[in-house]
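A short write-up of the structure that comes next.
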Amino acid sequence: MLIFYSQGYRFDWQERWFSQVGAFYFSVMPTRAEVFVNGQLTGRTARILGTTLTENFPPDTYQIRIQKERYHPWEKQLTVFPKQVTEAKYITLLPINPVFTLLDDGILALWPSPRKTEAIIQKSPRAGKQTSWTLALWDSRRNIEYPIYESLNATDEILEIRWASDSNSFLVRIASGGQTRNLIQRIDRNLLAQAKTRTESLQTAAQLREEYILDPRAQQAAAFLENEDAFVWLDQNGILWQQGNTASQATQLNQKPLPLRKGTSYAIYEIKHEFFIQEAQTLYLLNRQTQAFEQFFTPFSEMVLSPDGKKLALSSGRELWLYYFEEDREQPARAKNERIFLTRFSEDIRNLAWLTSHYLIFTRGNTIVVSEIDTRDHLNIVDLSSFPDPTLVWQENEKILLVHSGDQIRASEKLLP
């Protein structure tokens, strides 16, 4: 009997025979959460690391519940295998009814940067001003605005605002007086750090303003992308070009043209050194070997790279999917280039972002939703809060969610430890 015990065998009273046991390992934030297995409390997670190892479970499927006061619980059926540890790492419990505080009002529209520390905001005119609207660069962490454009004509229209992938510059296209103005604004973060008052912010904005002519071919492009190292544009013949920010010669990236459809909108994305083109609701990926674009995902609405850089979250409108750039050996294991269907809703998904590398945040109608990506058993999905037609900005470093709704911006309490 002692030999059986020392080799990991336990007597299974249901099967009336000896079986080798397994264990559960959980990692949970916030810490000191209660862990229940088949309704029985097995202990709490560690105070500092938030982990717990529970051993001596005969092979079987168990109902797990992890809970903490004032937080939404996490529940899942998990299977124990002989001589193996079943893991559920990166479990995140979300607060129930988090508090949101008003930051600013008079906001007509908002375009957050990829790093979520700044945003372009369109504001209604202040009392006594003759402007139709203004654009400002908003430092969301310090709540400071840097004016960058004033519209004096009610017919002025913002055609496009697009951030570079490194968040260090942005493209603004404005229709004004029958002409289209293309502007690229670079951000000098050393200047931003020096501005502490409104007067200083106005002076900084004046120094930041930078308009310059793009390559003539890029001016007429079907789509355009600018990052720290290069300009990339899709010309009207379906050829993708890349040019350094200096006067270097442009490089043709695809040999087989992508047939363009008249009256259709296009967008370019660069993720992990791969080029994607969105044509309406279809996403194409450039095959480096064939130098041709291949259909990657349809119908397509949004995509965002995870903080760990291993996977891509994609929305097809009402469905959520994952695509793995790399192999992931964490449980549940994923293969390189594997596609995973997560879930489907009855309303459109918008504002897709990563809360952590293992949780997504987005809106479903007016509801702010957080979902894990562990597809074992079922997804733990939490309705966090609700606002009319919200736009979300998740600030990863501060662990705060900014919500633009109506003409107001509100900030949540800290959502993660």
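In this rough spin-label picture, where each label sits 7 Å from Cα along the Cβ direction, the Ala46-Leu285 distance is 3.8 nm. Scalar couplings 3J(HN,Hα) for the stretch 366-383, obtained by applying the Karplus form with A = 6.51, B = -1.76, C = 1.60 to θ = phi - 60°, are 9, 9, 8, 10, 10, 9, 6, 10, 6, 7, 4, 6, 8, 7, 7, 10, 10, 7 Hz; x denotes Gly and Pro.
Cα gyration tensor of the stretch 356-416, axes a ≥ b ≥ c as square roots of the eigenvalues: rounded (a/c below 1.5), prolate (a/b > b/c) or oblate? Cα axes put the stretch 356-416 in the oblate bin.
Take 254-264, 45-55, 391-401 and order them by the average number of nearby Cβ atoms within 10 Å per residue, most first; the result is 391-401, 45-55, 254-264.
Quick one: of Lys123/Lys414; Lys196/Lys399; Lys256/Lys311; Lys76/Lys310; Lys311/Lys336, which pairs are farther than 20 Å apart, Cα to Cα? Walk me through the numbers on the way to the answer.
On the way: Lys123/Lys414 27 Å; Lys196/Lys399 23 Å; Lys256/Lys311 28 Å; Lys76/Lys310 24 Å; Lys311/Lys336 9 Å.
Check vs 20 Å cut-off fails for Lys123/Lys414; Lys196/Lys399; Lys256/Lys311; Lys76/Lys310.
Using a/c under 1.5 as the rounded threshold, could you call the stretch 287-351 rounded, prolate or oblate? The axes a ≥ b ≥ c are square roots of the C-alpha gyration tensor eigenvalues, and prolate needs a/b larger than b/c, oblate otherwise. Show your work: numbers first, answer last.
Working: a/c = 2.05, a/b = 1.13, b/c = 1.81.
Judged from the Cα gyration tensor, the stretch 287-351 comes out oblate (a/c at least 1.5, b/c at or above a/b).
Between Arg318 and Ile349, the built amide H atoms are under 5 Å apart, and every one of these is 5 or more places off in sequence or on another chain. Backbone amide hydrogens, once placed in the peptide plane, bring Ser113 within less than 5 Å of Glu118, Ala119, Ile120, excluding anything fewer than 5 places away on its chain. Per-residue ellipticity at 222 nm from helix content only, as computed over the chain with -39500 (n - 2.57) for each DSSP H run of at least four residues, stands at -1500 deg cm²/dmol. For Asn254, the residues whose amide H sits under 5 Å from its own are Leu240, ignoring neighbours fewer than 5 places away on the same chain, with H placed 1.01 Å from N.
Considering only DSSP beta bridges where both residues belong to the chain, give the percentage that are antiparallel (nearest 5). Write down the numbers at each step before the final one.
Values: 128 of 134 bridges.
Antiparallel: roughly 95 percent of the beta bridges in the chain.
Which of Ser201, Leu152, Tyr71 sits farthest toward the positive end of the charge dipole of the chain, with +1 on the Cβ of Lys and Arg and -1 on the Cβ of Asp and Glu? Going by the Cα projections, it comes out as Tyr71.
The phi-based Karplus calculation (6.51 cos²θ - 1.76 cosθ + 1.60; θ = phi - 60°) puts the 3J(HN,Hα) values of the stretch 178-184 at x, 10, 9, 9, 9, 10, 10 Hz, whole numbers, x for Gly and Pro.
Listed from fewest to most Cβ neighbours within 10 Å, the set Tyr62, Tyr25 follows the order Tyr25, Tyr62.
Our coupling estimate for the stretch 340-357, obtained by passing each phi through the Karplus curve with A = 6.51, B = -1.76, C = 1.60 and θ = phi - 60°, is 10, 7, 9, 6, 9, 10, 8, 10, 5, 8, 9, 6, 5, 7, 9, 6, 9, 6 Hz, Gly and Pro reported as x. Shape class for the stretch 263-376: oblate, because the ratio a/c of the largest to smallest gyration tensor axis (alpha-carbon atoms, square roots of eigenvalues) is 1.5 or more and b/c is at least a/b.
Laboratory data are not the source of any read-out in this text; all were calculated from the coordinates shown. This one's a predicted model, so the numbers in the text were calculated from it and none came from an experiment. Virtual Cβ from ideal backbone geometry, glycine too; neighbours counted across all protein chains shown.
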